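The values are calculated or read from the model by the stated rules, or taken from the named source; none is laboratory data. The structure displayed is predicted, hence computed values, not measured ones. Positions of Cβ are generated from backbone atoms using ideal geometry, with glycine treated the same way; all protein chains shown enter the neighbour counts. Note: accessible area is taken over every heavy atom of the protein model, side chains too, but ligands, DNA and RNA are not part of it. Shrake-Rupley method; radii C 1.70, N 1.55, O 1.52, S 1.80 Å.
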Amino acid sequence: DSGRPLVVEGMELTFGKVVGSTGLELKSDPGVPLVYAGFALCLATSTMSLWPYCQVWALQEEDEGGPRVVLGGRTNRDRVVFET
């Protein structure tokens, strides 16, 4: 109750008025959308790196023995199967 004295270690304290308060603060941070966009970009590129891809090239050359086809390629997954 306000107005009643309270004795603490020999000192008399009197509270005039009790005011309710909270430790919560409202704030605005303009950099948060940039952080979220960076996280989304990182997540998207990490997910894309999980998808397999392969590239195949073919080159036709004329030789003394006739036409010749040279094949080449590259992949990021399962190279043993790709070579066969």
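Below, the figures for the structure above:
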read-out: Qualifying residue in segment 36-47 (condition: part of a loop (DSSP other than H, G, I, E, B) and free of Cβ contacts under 8 Å to residues at least 24 places away in the same chain); value: no
read-out: Failed condition for Leu43, given (1) open to solvent by less than 80 Å² (accessible area, probe 1.4 Å); (2) within 30 Å of Val80 (Cα to Cα); value: (1)
read-out: Which numbered condition Asp1 fails, given (1) modelled with pLDDT under 90; (2) among the acidic types (Asp, Glu); (3) part of a strand (DSSP E or B); value: (3)
read-out: Criterion: touching a strand residue (DSSP E or B) at 6+ places or on another chain (Cβ under 8 Å), open to solvent by 100 Å² or more (accessible area, probe 1.4 Å) and outside any helix (DSSP H, G or I) - qualifying residue of Leu13, Leu59, Leu50, Leu71; value: Leu71
